[in-house]
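Everything below concerns the one structure shown next.
The numbers here are math on the coordinates, done by the rules we state, and not lab data. Here the structure is a predicted model, which is why all the values come from computation and not from measurement. A quick note on method: Cβ atoms are made from the backbone with ideal geometry, for glycine too, and the neighbour counts reach across all protein chains shown.
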Amino acid sequence: MQPWRTIESVDTAEGQLDLRQRGDRSFLITIAGRVLMTSEAHRSEKDLARLATAAMGDLARPHVLVAGLGMGYTLRAALDCLPPAAKVTVVELNPVVVTWCAGPLATLTDGATSDKRVTMVVADVARVIADARPGTYDAIVLDLYEGPFQSDSRAHDPLFGIAALKRTAAALKPEGVFAVWSEERSEAFEERVAVDFQLERHRGAGGGRRHVIYVAKPAIGRPRFASRPDPDIREARRPSGGRRGRPRS
């Protein structure tokens with residue numbers, strides 16, 4: 001088996017960020033030695049995009065926010081589901097990840113970042129959502145580190161806390177969709193999000209770690225919570241570790 005070789009390394013607040021390659025199409029992104037993502041395992045990223053776009057319904061010109069970029073698989077899957085007139089704003093904290101996705105990783109996603117529907121923004125997505133005008137987005141799709149699982153005890157988390165969820169609801173159109181990937185189920189997040197959203201929990205079946213995708217819409221006189229097992233979502237994404245603003249999709 002071929003060894004991994006490091007293509008590029010950059011320093012970040014969380015540690016050294018590496019892009020590694022083995023062969024023609026096998027890639028890893030690691031931070032401080034921890035694997036954040038691999039090109040060999042990305043099914044749940046596709047499911048996140050599929051569930052979010054399906055929940056929007058048949059819109060001719062939807063505006064979707066996707067954060068973060070990672071290797072671009074969530075973006076690619078979203079583009080494959082969206083109509084030609086869609087607008088996709090991609091928010092990524094680390095500019096080097098944008099460069100990687102437009103360079104050595106571009107073949108993995110058929111150049112998703114160069115799609116004419118895509119606008120790339122290098123920023124903290126919490127700030128982008130906070131600064132958004134009311135009713136800007138038809139969907140907000142968050143694929144960040146462990147997701148809300150890491151913020152269980154953080155009611156003031158900048159993305160998954162009480163005030164943050166109200167900002168997200170405000171940034172969405174009345175029938176907008178809020179979709180979130182989480183490494184594991186977060187009951188605390190479910191309680192917080194159900195205040196302002198009608199929430200569904202999708203997760204895989206079978207053995208091993210089962211990741212969770214939350215899909216929510218602003219709650220207007222509807223039941224607060226529904227759980228929907230989804231046997232297609234059970235891929236092992238990455239080891240634990242990391243923090244908000246991770247360079248991945």
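Pairs of Lys residues in region 82-217, spaced 8 or more positions apart or belonging to different chains, with C-alpha separations under 21 angstrom: 5 in total. Fully extending the segment from A155 to A41 would add 37.9 nm, taking 0.36 nm per residue of separation and subtracting the current Cα-Cα distance. Across region 41-229, C-alpha contacts under 8 Å between residues 6 or more apart give a mean separation that, scaled by the residue count, equals a relative contact order of 20 percent. Here the translational diffusion coefficient of region 21-122 follows from Stokes-Einstein with Rh set to the Kirkwood radius across Cα pairs; for 25 °C and 0.890 mPa s it amounts to 175 µm²/s. Using Cα centres only, tell me the gap between region 1-28 and region 48-114 in whole Å. If you average the Cα positions of each part, the centres end up 22 Å apart. Subtracting the Cα-Cα distance of A60 and A194 from 0.36 nm times their residue separation leaves 45.4 nm of extension gain. This ranking places H63, H156 by how few other beta-carbon atoms lie within 10 Å of each, fewest first, which gives H156, H63.
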